[in-house]
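The values are calculated or read from the model by the stated rules, or taken from the named source; none is laboratory data. Quick caveat: nothing in here was measured; it's all calculated off a predicted structure. So basically every Cβ, Gly included, is an ideal-geometry build from the backbone, and we count neighbours across all protein chains shown.
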Amino acid sequence: QINDRFQLHSLEQEDVFSVLVRDVRHGLSNDPKSISCVHLYDEIGSEIFEEISAMPEYYLPEAECEIFRERGRELASLFDHPVSMVDLGSGSSTKTRILIEAFQDVHGSVRYFPVDVSETMLTESSHDLLSDYDDLEVIGVAGDYDDGLRIAGEHDDRPRLVAFVGSTIGNFYPNDAISLMRRVRRLLGPKDLFLLTTDLRKERSTLEQAYDDPHGITARFNFNMVDRLNRELDANFDLDALEFRAAFDEEAGWIDMGLVSTRNQKVRLDVLDMEVELSEGEFIRTEISRKFTLPEIDQLARESGMKVVNQWFDSKNRLGVNILAP
Ligand code: AVJ
């Protein structure tokens, strides 16, 4: 009776390899050079990210789960009826599981739309959820955020909560964050809500320990991506001539993460038929992670056509879960 409660929408997706080829060609021609953070998460990278999430210095998952446990029922009570919950980038659904439980406690049933690029991950996590909860219906969307929003929009008999958890909004440049949130806004009816997790601006040392961790796990996470280019794009990056760096850029308000070349070097990427020159000290960006002030959160909401109607913080005020209304 699990299958009766499970639907999967598999959207036509551009294959991972051609996206990699296009992104890397584009990113390495940019100034500063960059490699898109989406490529950090191959199979090995996803495992390393699990290790990051378990480090004491990386406070984000713990802080977010605390808020979900403390405020989940209050969140559910903002709705008069059982909801459809759209989870953008659901991954293993570990965090949203806490919310699903809270919504079940308050309203009985939940209809859950996990959206993820990985169909395997989606099927596995949906199966686990369905065997744990009876009054749950799962409509998985293997595709991008827009596919998820569109398919959720086709089932519109319930009020909706669209959730963007994990502080993933921080990995978007300010303009891209606004454009994504405007697309979310378009799906929302007058009684729907958007849940947005934002990491908060804090002392430099706390931030830098979370991203330039003393265990070297985040460094390994970054080197894995370059190693991946060596393997999949027949490149010859010399990992010994690259150094991991993660520093808080106060002005920009984000952690800037990437690799610095320790000498002048030429790198060939055979699959791209491309040669890249790196000068000594040159930085290749792999990820930004924005840290928001409260006015910045309000501004982001406003510029996306929404307003913040609830805002919860963990007991150490490290991270915020914001509820936005259209
Ligand atoms: C959870 C994906 C948003 O920016 O904190 C963690 C990823 N990168 N350490 C973040 C990440 C390096 C992360 N996201």
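Just one of the numbered conditions (1) closer than 28 Å to D15 by Cα; (2) hydroxyl-bearing (S, T, Y); (3) away from the ligand (no atom under 16 Å from the Cβ) is not true of Y133: (1). Which of (1) touching an Asp or Glu at 6+ places or on another chain (Cβ under 7 Å); (2) under 21 Å from R25 (Cβ atoms); (3) of a type outside the set (G, A, S) is the odd one out, the single condition D273 does not satisfy? The number of the failed condition is (1).
Test L187 against the stated conditions and say whether it is crowded, with 18+ Cβ neighbours inside 10 Å, at pLDDT below 95, at negative phi and among the hydrophobic types (A, V, I, L, M, F, W, C). Spelling it out, L187 is indeed crowded, with 18+ Cβ neighbours inside 10 Å, at pLDDT below 95, at negative phi and among the hydrophobic types (A, V, I, L, M, F, W, C). Only strands (runs of 3 or more DSSP E) whose full extent lies in the stretch 265-311 are considered here, and the ones with at least 1 residues that are of a type outside the set (K, R) and touching a Cys at 6+ places or on another chain (Cβ under 9 Å) are 283-290.
Residue-level analysis places V165 among those that are aliphatic (A, V, I, L, M) and crowded, with 18+ Cβ neighbours inside 10 Å. Determine whether D249 is more than 16 Å from the ligand (Cβ to nearest atom), among the acidic types (D, E), surrounded by fewer than 16 Cβ atoms within 10 Å (Cβ to Cβ) and modelled with pLDDT of 95 or more. So D249 fails the test.
Among the residues of the stretch 1-27, the ones that are touching a Leu at 6+ places or on another chain (Cβ under 8 Å) and modelled with pLDDT of 95 or more come to 7 in all. Of the residues making up the stretch 55-110, those that are farther than 15 Å from L130 by Cα and either of a type in the set (D, E) or in contact with a Cys (Cβ under 9 Å, 6 or more places away or on another chain) (or both) are E57, E62, E64, E66, E70, E74, D80, D87, K95, D105. The set of residues in the stretch 22-41 being assigned to a loop (DSSP other than H, G, I, E, B) and farther than 17 Å from N171 by Cα consists of S29, N30, D31.
Residues of the stretch 261-318 that are closer than 25 Å to R22 by Cα, hydroxyl-bearing (S, T, Y) and surrounded by fewer than 20 Cβ atoms within 10 Å (Cβ to Cβ): S279 alone. Find the residue count for the stretch 56-83, including only residues that are within 11 Å of the ligand (Cβ to nearest atom) and more than 18 Å from the chain's Cα centre (by Cα). Qualifying residue count for the region: 1. From the list L207, L229, L300, the one residue that fits, being away from the ligand (no atom under 16 Å from the Cβ), of a type in the set (A, V, I, L, M, F, W, C) and in contact (Cβ under 8 Å) with a residue 40 or more places away in the chain, is L229. Taking R97 as the residue in question, decide whether it is among the basic types (K, R), within 18 Å of the chain's Cα centre (by Cα) and surrounded by fewer than 21 Cβ atoms within 10 Å (Cβ to Cβ). It is true that R97 is among the basic types (K, R), within 18 Å of the chain's Cα centre (by Cα) and surrounded by fewer than 21 Cβ atoms within 10 Å (Cβ to Cβ).
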